[in-house]
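Below you'll find the structure, written out as structure tokens, and then a few comments.
The values are calculated or read from the model by the stated rules, or taken from the named source; none is laboratory data. Note that this is a predicted model, so its numbers are computed, not measured. Heads up, the Cβs are rebuilt from the backbone with ideal geometry, glycines too, and the neighbour counts pull from every protein chain shown.
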Amino acid sequence: MRKIIIAIDGYSACGKSTTARAVAQELNYRYIDSGAMYRAVTLYFLDHHVALTNPKEVDRALQQIKVSFVVNSKGSSETFLNGINVEKEIRKMRISENVSQVSTIRAVRVAMVEQQRRMGKDRGVVMDGRDIGTVVFPEAELKVFVTAEILVRAFRRQKELLERDDLVDIDSIIENLQQRDSIDSNRAESPLRKAEDATGIDTTHITIDEQVDEVIRLALTKMIRPPK
Ligand code: CDP
């Protein structure tokens with residue numbers, strides 16, 4: 001079977017990452033969380049007080065940033081910023097509240113997209129994000145676009161945060177998701193949109209296992225080489 005690229009895009013907290021991670025594990029593919037890269041950049045910018053409106057400062061900061069992923073002993077991928085494990089830190093609300101603004105900056109996107117393409121060059125990857133099927137890998141063999149109702153998304157995100165000992169009230173989560181949806185969909189650079197050839201999956205009423213099975217089923221149809 002040939003190795004393919006699986007691009008999973010969609011709105012915040014629709015279950016993209018959970019699905020992508022499980023699909024990658026099942027197919028023995030590499031999972032790349034592109035959102036974690038934008039979150040790591042945001043963490044660096046906040047901690048170093050980088051002025052987002054100053055292109056020189058942004059460029060200088062980007063040259064200092066190296067984001068990488070390391071698979072831990074439990075088999076899940078963790079995000080490292082300049083060699084430090086930031087997996088927990090980048091999921092906090094202070095990052096969620098700033099990441100979409102940082103992600104509108106062209107120089108940030110250029111730097112991240114270059115790294116993402118490098119990570120996917122040998123194929124055999126599942127990458128999730130907002131612009132994977134439209135910009136990063138427009139030639140991806142399988143593109144999936146995930147949606148879900150806002151309340152379901154908010155409760156899922158609240159549960160995830162709680163599992164990290166972070167109690168956030170539901171109204172703040174809804175507000176953050178809606179604000180990010182709006183910035184992500186309306187920005188000039190690589191806005192969030194469904195690629196024409198993407199398969200839509202509404203995850204409101206289905207379980208993670210059902211989402212995973214559906215993506216695997218779609219992937220297998222693409223992995224079987226067409227006859228010569
Ligand atoms: O996990 P969640 O759905 O909250 O979002 P994420 O995948 O961690 O992405 C965080 C933010 O990064 C998004 O709201 C976007 O602003 C930005 N992002 C992006 O611009 N392009 C991507 N390919 C991935 C994320």
(message) Restricting to segment 1-38, name every residue that is among the acidic types (Asp, Glu) and within 12 Å of the ligand (Cβ to nearest atom).
(response) 9, 33
(message) List pairs: first residue in segment 184-207 and within 28 Å of residue 105 (Cα to Cα) and outside any loop (DSSP other than H, G, I, E, B), second residue within 11 Å of the ligand (Cβ to nearest atom) and at pLDDT 95 or above anywhere in the structure, Cβ distance under 6 angstrom, at least six positions apart or on different chains.
(response) 184/100; 184/130; 184/192; 185/191; 185/192
(request) Would you mind stating whether residue 68 is within 12 Å of the ligand (Cβ to nearest atom) and of a type in the set (S, T, N, Q)? (result) no
(message) If I ask for residues that are more than 15 Å from residue 99 (Cβ to Cβ) and either touching a residue at least 24 places away in the same chain (Cβ under 8 Å) or within 13 Å of the ligand (Cβ to nearest atom) (or both), which ones from segment 149-158 would you list?
(response) 149, 150, 152, 153, 154, 156, 158
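For every residue, the table says whether it meets (1) farther than 29 Å from residue 51 by Cβ; (2) away from the ligand (no atom under 11 Å from the Cβ); (3) surrounded by fewer than 23 Cβ atoms within 10 Å (Cβ to Cβ); (4) in contact (Cβ under 8 Å) with a residue 24 or more places away in the chain.
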site: 110; (1), (2), (3), (4): no, yes, yes, no
site: 117; (1), (2), (3), (4): no, yes, yes, no
site: 122; (1), (2), (3), (4): yes, yes, yes, yes
site: 131; (1), (2), (3), (4): no, no, no, yes
(message) Here are the criteria: (1) over 15 Å from the mean Cα position of the chain (by Cα); (2) away from the ligand (no atom under 12 Å from the Cβ). Tell me which single one residue 97 does not satisfy.
(response) (2)
(request) Among what's in segment 167-192 and is away from the ligand (no atom under 12 Å from the Cβ) and surrounded by 15 or more Cβ atoms within 10 Å (Cβ to Cβ), pick the residue that is farthest from residue 140 (Cα to Cα). (result) 168
(message) Just to be sure before I move on: is residue 106 basic (Lys, Arg), within 12 Å of the ligand (Cβ to nearest atom) and either surrounded by fewer than 16 Cβ atoms within 10 Å (Cβ to Cβ) or without any contact (Cβ under 8 Å) to a residue 12 or more places away in the chain (or both) in the structure I sent?
(response) yes
(message) Please verify whether residue 125 is closer than 25 Å to residue 194 by Cβ, modelled with pLDDT of 95 or more and of a type in the set (A, V, I, L, M), treating the condition exactly as stated.
(response) yes
(message) I'd like to verify a number: residues in segment 47-79 that are farther than 14 Å from residue 105 by Cβ and among the aliphatic types (A, V, I, L, M), how many?
(response) 3
